[in-house]
């Protein structure tokens, strides 16, 4: 990892509502970062694409605005996972609930306290991930929020058929999982859009 790492926060919240998170990112990253908080009143997919459009670094982090408990050096550790495994196209932090238990969407490898392992399904939430620079973008046909991250993973698997999806066990963060953008109400609509593209849920 060389130079500044872009940390994208795709959010529909105004800037003053995420300043605390921005400061936390800068203080805990462990390396120089440029925080790109999108703050646009648009869908999750559109905000994610805005952030990817702003990003300039070869390695970039994308994190939701409801991530807390960032450990010191977390950006360095996530980026190191890409250096360790050149085939890794996306890696995730280990997501915890507020009660300290593992979140329901952290993948299916053994739950460890250190190291990294492969998520065989090639699916992960984009709540706190590291990716390499690439041309894949989020499908803005997904409204509000939900399923756009599943679709992004499916696109990455299609674009990089030998690519690996990994989890960094030593970076544990709390995901409040606020489900903004009418995620529950739009679940079936967005799932139908996903199925119209990929035919089935295979994970």
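The values are calculated or read from the model by the stated rules, or taken from the named source; none is laboratory data. Keep in mind it's a predicted model, so treat the numbers as computed, not measured. Positions of Cβ are backbone-derived with ideal geometry, glycine not excepted, and every protein chain shown enters the neighbour counts.
Can we say residue 50 is part of a strand (DSSP E or B), surrounded by 14 or more Cβ atoms within 10 Å (Cβ to Cβ), at pLDDT 95 or above and more than 14 Å from the chain's Cα centre (by Cα)? Here the answer is no, as residue 50 does not meet what is asked.
In the stretch 6-29, the residues that are surrounded by 19 or more Cβ atoms within 10 Å (Cβ to Cβ) form Cβ pairs under 6 Å with partners that are part of a helix (DSSP H, G or I), at six or more places apart or across chains, as follows: 7/25; 8/51; 10/47; 10/48; 10/51; 29/75. Based on what the data block shows, is residue 158 surrounded by fewer than 18 Cβ atoms within 10 Å (Cβ to Cβ) and either part of a helix (DSSP H, G or I) or out of contact with any strand residue (DSSP E or B) (no Cβ under 9 Å at 6 or more places or on another chain) (or both)? So residue 158 passes the test.
Among the numbered conditions (1) in a loop (DSSP other than H, G, I, E, B); (2) under 17 Å from the mean Cα position of the chain (by Cα); (3) surrounded by fewer than 19 Cβ atoms within 10 Å (Cβ to Cβ), tell me where residue 98 comes up short. The single condition residue 98 does not satisfy is (2). For the subset of the stretch 162-183 comprising residues that are in a loop (DSSP other than H, G, I, E, B) and at pLDDT 95 or above, which member is nearest to the chain's Cα centre (by Cα)? Checking each candidate, the answer is 163. Taken residue by residue, the stretch 75-83 has no member that is closer than 25 Å to residue 143 by Cβ and in a helix (DSSP H, G or I).
Out of 142, 138, which single residue is under 26 Å from residue 37 (Cβ atoms), modelled with pLDDT of 95 or more, in a loop (DSSP other than H, G, I, E, B) and under 16 Å from the mean Cα position of the chain (by Cα)? Exactly one of 142, 138 is under 26 Å from residue 37 (Cβ atoms), modelled with pLDDT of 95 or more, in a loop (DSSP other than H, G, I, E, B) and under 16 Å from the mean Cα position of the chain (by Cα), namely 138. For the stretch 169-203, the tally of residues that are in contact with a helix residue (DSSP H, G or I) (Cβ under 9 Å, 6 or more places away or on another chain) and closer than 20 Å to residue 10 by Cβ stands at 8. Selection within the stretch 53-65: residues that are closer than 20 Å to residue 2 by Cβ and touching a residue at least 60 places away in the same chain (Cβ under 8 Å). The member of this set that is surrounded by the most Cβ atoms within 10 Å (Cβ to Cβ) is 61. You will find that of 31, 36, 12, the residue that is touching a strand residue (DSSP E or B) at 6+ places or on another chain (Cβ under 9 Å) and either in a loop (DSSP other than H, G, I, E, B) or at pLDDT below 95 (or both) is 31 and no other. Out of all the residues in the stretch 19-28, is one or more under 16 Å from residue 128 (Cβ atoms) and in a loop (DSSP other than H, G, I, E, B)? No, there is no match, as no residue in the stretch 19-28 is under 16 Å from residue 128 (Cβ atoms) and in a loop (DSSP other than H, G, I, E, B). Kindly evaluate residue 90 against the criterion of being in contact with a helix residue (DSSP H, G or I) (Cβ under 7 Å, 6 or more places away or on another chain) and surrounded by 15 or more Cβ atoms within 10 Å (Cβ to Cβ). Criteria met by residue 90.
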